[in-house]
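The values are calculated or read from the model by the stated rules, or taken from the named source; none is laboratory data. Keep in mind that this is a model prediction, so the values were computed, not measured. Reconstructed Cβ throughout: ideal geometry from the backbone, glycine too, with neighbour counts over all protein chains shown. When the accessible area is computed, the model is the full protein with side chains, heavy atoms only, and any ligands, DNA or RNA have been set aside. Shrake-Rupley method; radii C 1.70, N 1.55, O 1.52, S 1.80 Å.
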Amino acid sequence: MTSATPSAPTPSKEQRPSDRFVKHVHDLCANNRTRAELRRGIGLPVERCNYAHRYLVPFISRTYKEGITRDRRHAYYVVAALIAGRPRAARDAEPPGWSEGQPPADWYARPNLGASLGQAVAKGVLKEGSAESTLHLMTRQTAEAVRAGLPALVRQLANGGVPVDWTVLLEDLANWNRDRDRVATRWLESYFRALSAEDAPEAEDERPDNDENDNTDEENER
């Protein structure tokens, strides 16, 4: 009996929880009062984001029924506040993120913060020496220190018309403390790739064996 030739794998159309969350926050920010209340969380730990809980807790509870790590929770709150804090021009220019019915782009081809900094230098928004120093400093810091420096940096990028992939930033922040070296390496590689105007995806052997999906390593992190 002749065996059937296996068909090529079909690209997954499954949304990441982080993609759904970014879309959720964009929708929330359509309301001025909600956006203002989320914006109050800029630079604050989760424990002081009193006005954000009513908007973020329901989503997180539905998505992570078995619980969520402290680092990932912090990442959700930080990104929500940063999205809400964008200037008007950035809000008008930025797409709402992953749209229903369309598969998300290849994760490792999506721009991380390093790529955004490289674009900022190429566009003259940031000086090369300043951007590189900032990036090297961040790659040596804890997640808490990185989160503290993000509001001012993201504001510079937004004012210069440089987009940030909020989903990628959220995942990188969530995984920073347990996988800083790998995330930092991606940021640095993407930064220098953007400066040299190369747009090739990361090599296949640089990708982790397991993609970061719904509750990856949640039990081990707690």
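How about segment 1-34: which of its residues are within 30 Å of ILE83 (Cβ to Cβ) and modelled with pLDDT under 75? Let's see the steps before the verdict.
To start, the set of residues in segment 1-34 that are within 30 Å of ILE83 (Cβ to Cβ) comprises 11-34.
Those that are within 30 Å of ILE83 (Cβ to Cβ) and modelled with pLDDT under 75: PRO11, SER12, LYS13, GLU14, GLN15.
Restricting the search to segment 52-78, which residues are open to solvent by 30 Å² or more (accessible area, probe 1.4 Å) and aromatic (Phe, Trp, Tyr)?
TYR55
Inside segment 157-171, can you point out the residues that are open to solvent by 10 Å² or more (accessible area, probe 1.4 Å) and in a helix (DSSP H, G or I)?
ALA158, ASN159, TRP166
Is segment 148-156 home to any residue that is in a helix (DSSP H, G or I), open to solvent by 40 Å² or more (accessible area, probe 1.4 Å) and not aliphatic (A, V, I, L, M)?
The first filter runs over segment 148-156 and keeps only residues in a helix (DSSP H, G or I), leaving 148-156.
Okay, now just the ones that are also open to solvent by 40 Å² or more (accessible area, probe 1.4 Å), so 148, 152, 155-156.
From what is left, the residues that are not aliphatic (A, V, I, L, M) are 155-156.
So far as segment 148-156 goes, yes, one or more of its residues are in a helix (DSSP H, G or I), open to solvent by 40 Å² or more (accessible area, probe 1.4 Å) and not aliphatic (A, V, I, L, M).
Just to be sure before I move on: is GLY85 touching an Asp or Glu at 6+ places or on another chain (Cβ under 9 Å) and small (Gly, Ala, Ser) in the structure I sent? Reasoning before the result, please.
Numbers: touching an Asp or Glu at 6+ places or on another chain (Cβ under 9 Å): no; small (Gly, Ala, Ser): yes.
It is false that GLY85 is touching an Asp or Glu at 6+ places or on another chain (Cβ under 9 Å) and small (Gly, Ala, Ser).
Looking at segment 56-82, I want the residues that are closer than 19 Å to VAL168 by Cβ and of a type in the set (Phe, Trp, Tyr) and have a partner that is open to solvent by 20 Å² or more (accessible area, probe 1.4 Å) and in a helix (DSSP H, G or I) with Cβ atoms under 6 Å, at least 6 apart or on another chain. Which pairs are those?
PHE59/HIS24
Look through LEU137, LEU188 and report the one residue that is touching a Ser or Thr at 6+ places or on another chain (Cβ under 7 Å) and open to solvent by 20 Å² or more (accessible area, probe 1.4 Å).
Exactly one residue qualifies, and that residue is LEU188.
Does at least one position in segment 130-151 carry a residue that is of a type in the set (Val, Ile, Thr) and in contact with an Asp or Glu (Cβ under 7 Å, 6 or more places away or on another chain)?
Restricting attention to segment 130-151, the residues satisfying the condition of being of a type in the set (Val, Ile, Thr) are 134, 139, 142, 146.
Now restrict to residues that are in contact with an Asp or Glu (Cβ under 7 Å, 6 or more places away or on another chain): none.
Checking segment 130-151: not a single residue is of a type in the set (Val, Ile, Thr) and in contact with an Asp or Glu (Cβ under 7 Å, 6 or more places away or on another chain).
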